[in-house]
Amino acid sequence: MTATLSVDSLGAISVVSEQIGIDPQVVEDLVVANRILFNQGVVDAFGHVSVRHPGRGDRFLLSRNMAPGLVCAEDLLEFDMNAVAVQSDPPRQFLERFIHSEIYKARPEVMAVVHSHSPTVVPFTVSKSTPLRAVCHMCGFIGTQVPLFEISDEFGDGTDLLIRSAAMGASLARSLGQSDLVMMRGHGSTVVARGIREAVYRAVYTEVNASTQLRAVQLGEPHYLSDAEAKTAAKVMDSETQRPWGLWKAKALGL
Ligand SMILES: [Zn+2]
């Protein structure tokens, strides 16, 4: 029998929200985002999601170094723009937290970031002939040209491909540019949005697009969305993120 979870299983949301000085709903959404991304197969033991502090633009929240599917409110840490945890004596943190700090620095309008190694996206980061691009209306935000971060361009041969420093994070943010998604060769992808629910939607549908595109190319050359179609579809779907959020949350919490 599967245990039935509830929002109570997400940890001490009100205590943590008071400590950080943040709306409890933001704390709950960040914990739920971690659970959804695991439940939807976007992250496994690795990958992470953050949200910019709504009241302090130079701070963001990210969990301590742990599997996203197990994150509770008490596991959330507050970081400054140098990716330094503001609390004293913090627990172990993600090596790749610079992805978040440098993107928040470079893109003031970005409020949430998801970094993942989702399994169907990675093949598109290494293919020299078939880049990821929008194949259906749900994935219009992907557009027709997704930037690719090539770590060896600036950091040479022999890295472990991880974003281990502020310099690497800044380089990734430059590759992202004004896009919503950046592919990372031999590693994964990072997606940004104006809110946490939108970021989760985009992370899930980046994996869906990859899986659909992989099947479509087996049938021959796909008819991709045009630039204009991708833009129109993205605008419509950006206002529809509440429906999947409710469903995915119920599923992730076993409600
Ligand atoms: Zn990574």
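Computed values, structure above
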| item | result |
| --- | --- |
| Extreme residue, farthest from the ligand (Cβ to nearest atom), among residues of the range 88-110 that are among the aliphatic types (A, V, I, L, M) and part of a helix (DSSP H, G or I) | ALA106 |
| Residue match in the range 128-137 (condition: closer than 29 Å to GLY55 by Cβ, buried (at least 21 other Cβ atoms within 10 Å of the Cβ) and more than 12 Å from the ligand (Cβ to nearest atom)) | no |
| Answer residue from the range 185-218, given it is free of Cβ contacts under 8 Å to residues at least 60 places away in the same chain and surrounded by fewer than 24 Cβ atoms within 10 Å (Cβ to Cβ) and is nearest to the ligand (Cβ to nearest atom) among those | ARG215 |
| Boolean, ALA85 is at negative phi, without any contact (Cβ under 8 Å) to a residue 12 or more places away in the chain and either more than 16 Å from the ligand (Cβ to nearest atom) or buried (at least 23 other Cβ atoms within 10 Å of the Cβ) (or both) | yes |
| The range 146-183, subset hydroxyl-bearing (Ser, Thr, Tyr) and closer than 22 Å to GLU207 by Cβ, residue nearest to the ligand (Cβ to nearest atom) | SER175 |
| Residues being crowded, with 21+ Cβ neighbours inside 10 Å and free of Cβ contacts under 8 Å to residues at least 40 places away in the same chain - total across the range 98-127 | 0 |
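Values quoted throughout were computed directly from the atomic coordinates according to the rules given, and no laboratory measurement underlies them. Quick caveat: nothing in here was measured; it's all calculated off a predicted structure. Reconstructed Cβ throughout: ideal geometry from the backbone, glycine too, with neighbour counts over all protein chains shown.
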